[in-house]
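Derivation of every value follows stated rules applied to the coordinates shown; laboratory data play no part. Note that the structure is predicted; figures quoted are calculated from it, not measured. Don't worry about glycine lacking a Cβ; one is built from the backbone with ideal geometry, like all the others, and counts go over all protein chains shown.
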Amino acid sequence: MPELPEVETIRSQLAPLVCGRTIERVEILDPRWCMPLSRDELADALTGRRVEALQRRGKYLVWRLDGDLSLVHHLRMSAAILCDPRPEPQHLRVRIVIGGGRGRRRRLTLAIVDQRRFGTAQPVFGEAALESFFERRLGPEPFGTDFTAEHLWRVTRGRKAPIKALLLDQRLVAGIGNIYADEALFRARIHPARPGGRLRRAQCGTLREAILDALQAGIDAKGATIDDLRHLDGARGSFQDRFLVHRRAGEPCPTCGEEIVRTVVGGRATYFCGQCQPPPRGVPVSGAAAVSLRRLRAPDRARRSPPPRASP
Ligand SMILES: [Zn+2]
């Protein structure tokens, strides 16, 4: 699923092409895109409006149109926006014709393709309604001033859920998904299954920094392409080639050389280094089991680790 860096990449590529221009025609081929609104209702609401700005909030792309209308657009699992694709792409769901430009690009066609058809769009009228839409769904933006170490400390107090699962909760912090949660926890040297409430205050500060570093690295690489994410011209992001631990099970940890482990935390595939991110004591985690299984296969490494304390 596109996460903050992938949506930000799409936003920054698309904004100069559409801002200040007019939506000439909207063809919604798949009615699921705008349910419960009908295709005609949404197409009518959008047609003829000028795009004033293209913004991002969490993993949402927000089309700010004239007349105080916003289109809140979520790409979900597999959607991509292609500009003037030739030939017509597979899995086309929506076609948006943008006019009002000059020269060769006087008119351009955006094709929203989505193999798994989970992407959605919803019109929202007025600033207050837009604010309340996001207030109900999203916590602070990672790069905003509200996302502080203190915020992370406060929202994790008393929480028994693994920190990885908490990071995926968009109400705690917006924009992080499975890739950047793994990458941030590795950078912060925090085991993904550590209960949120057991993070120390200093770890909250380290984790905040690690989240910003991981997201910025993703933005710098123009996002990651794992399934279907593509840029406007169909190109792929490159962050998948720079993952530190995500999807790197069996490869050496870039810090200590230990084998990276795959486990499941909160129902999601999770990758970490058992050496750099030691399992929390007293918490039965499948990650810890994965580490010990690996040590069974590598007795020379097991000998280097301290012997388990004998119980009294
Ligand atoms: Zn390591």
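With respect to residue 190, determine if the residue is among the β-branched types (Val, Ile, Thr), part of a helix (DSSP H, G or I) and surrounded by 16 or more Cβ atoms within 10 Å (Cβ to Cβ). In short, no.
Condition check ((1) within 13 Å of the chain's Cα centre (by Cα); (2) closer than 24 Å to residue 57 by Cα; (3) assigned to a loop (DSSP other than H, G, I, E, B); (4) of a type outside the set (S, T, N, Q)) across all residues:
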{"position": "143", "(1), (2), (3), (4)": "no, yes, yes, yes"}
{"position": "150", "(1), (2), (3), (4)": "no, yes, no, yes"}
{"position": "158", "(1), (2), (3), (4)": "no, no, yes, yes"}
{"position": "225", "(1), (2), (3), (4)": "yes, yes, yes, no"}
{"position": "231", "(1), (2), (3), (4)": "no, yes, yes, yes"}
{"position": "237", "(1), (2), (3), (4)": "no, yes, yes, yes"}
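When restricted to residues that are within 15 Å of residue 244 (Cβ to Cβ) and more than 20 Å from the chain's Cα centre (by Cα), the stretch 192-205 contains 0. Return a yes/no flag: does the stretch 229-245 have any residue that is more than 30 Å from residue 88 (Cβ to Cβ), in contact with a strand residue (DSSP E or B) (Cβ under 8 Å, 6 or more places away or on another chain) and surrounded by fewer than 17 Cβ atoms within 10 Å (Cβ to Cβ). Looking for residues that are more than 30 Å from residue 88 (Cβ to Cβ), in contact with a strand residue (DSSP E or B) (Cβ under 8 Å, 6 or more places away or on another chain) and surrounded by fewer than 17 Cβ atoms within 10 Å (Cβ to Cβ), one finds none in the stretch 229-245, hence no.
Within the stretch 194-214, identify whether any single residue is β-branched (Val, Ile, Thr), touching a helix residue (DSSP H, G or I) at 6+ places or on another chain (Cβ under 6 Å), farther than 20 Å from residue 263 by Cβ and touching a residue at least 24 places away in the same chain (Cβ under 8 Å), and answer yes or no. Yes: one or more hits.
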